[in-house]
1. Using Cα-only point scatterers and the Debye equation, what is log10 of I(q)/I(0) for the stretch 23-131 at each q in 0.09, 0.17, 0.19 Å⁻¹, rounded to two decimals?
2. Using all alpha carbons of the stretch 55-116, what is the percent of pairwise distances in each 5 Å bin, ordered from the shortest bin to the longest?
3. Along Cα→Cβ, 7 Å out, is where each label goes; now give me the distance between the ones at GLN57 and SER24 in nm to one decimal.
4. Treat each spin label as a single point 7 Å out from the Cα along the C-beta direction, and report the ALA129 to GLU173 distance in nm.
5. Using a Debye calculation, one point per C-alpha and no hydration shell, please list log10 I(q)/I(0) for the chain at q = 0.13, 0.14, 0.19 Å⁻¹ in order.
6. Which angle from 0 to 90°, rounded to the nearest 10, does the C-alpha axis of helix 13-24 make with the longest principal axis of the chain?
7. Ignoring everything except DSSP H segments at least 4 long, calculate the 222 nm mean residue ellipticity for the chain; use -39,500 (n - 2.57) per segment, divide by total residues, nearest 500.
8. If I fit a long axis through the Cα atoms of helix 66-79 and take the longest principal axis of the Cα atoms of the chain, what angle between them do I get, 0 to 90°, rounded to 10?
Amino acid sequence: MARLAVLASGNGSNFQALVQALRSRESPARHECVLLLHDKESAYAAIRARELGIRAQHVAYHRRSRQDSEAELLAAIRESDVDVVALAGFMRLLSPAVVAELSGRLVNIHPSILPAWPGTDSIRRAFEAGERIFGATVHFVDEGMDTGTVIAARSFEAAPEDTLEDIERKVHEIEHCIYPNIVLELLDQADIRRRR
Ligand code: GRF
C-alpha cells in the first residue's frame, strides 16, 4: 500500500475524484489518501475530506512567512509518511526547497494542454482568446508555473456552440479521469519500491 497526500485551495472535485478512484479500484495493492492540506480555511475540499473521512489540515499563509507555512506543510507530509503528493487546485507556487524535497513524487493537474495557457483562470482566458483546443495536462511540479515535465494530457476540440460552461464541464470530466489514472500509477510504483 502506498500513501497519497493532496494539496487544495478550493472546490476539491479533483481531490474527491482521486479518493474515489483509490477506493473503487479492485486490486490487491490498495492505496490510501491519508491527508488533505488546504491553505484556505474555508476550502470546500476540507468539507469533502470530512465527508470522506480523510484527515484535513489547514496550513495558514496569512500573517506568517511563506517559509513557516511551507515548513508546516512539509512536516505534515513527512509525519504522514506520504509517497505521492498531488496538487489539486492548490493556488500557490511552492518554493524550490519544497519542490526539491518532493522531486519525482509531486504532481499537478492543469486545465489546458501545456505549455499553452499556464497560470490561473486558463479556461476562461483561452475561451475569450478564441482557442478551440481544450483539455487537461498532468505534470511533475518544478519551480516554475506549470512548467514541469508532462506525464499525460488529453484534449478535445470545442464544438462551435460550446459555451464557457460547457467547456469547463468537459475539461473537468477529463481531469477526473486522467488525474486518478496517473496518480494510481505513481502509487503502484511507490508501492513496489516500498516492498523492495
Ligand atoms: C482544476 O481545473 C485544476 O486543473 C486546476 O484547478 C482546478 C481545481 O478544481 N489546477 P477542483 O478544486 O479540483 O474542483
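1. Log-scaled intensity ratios, in q order: -0.30, -0.99, -1.15.
2. Reading the bins upward from 0: 4, 14, 25, 27, 17, 7, 5, 0.
3. Each label point lies 7 Å from its Cα, and together they span 3.0 nm.
4. Distance between the two pseudo-spin positions: 2.5 nm.
5. For the requested q values the scattering log ratios are -0.68, -0.79, -1.39.
6. 60 degrees
7. Details: 6 runs with 80 residues, N = 196.
Rounded to the nearest 500, it is -13000 deg cm²/dmol.
8. Helix 66-79 sits roughly 60 degrees off the main axis of the chain.
FYI, it's all coordinate maths here, none of it is from the lab. None of these values were measured; they are calculated from a predicted model. We place every Cβ from the backbone using ideal geometry, glycine too, and count neighbours over all the protein chains shown.
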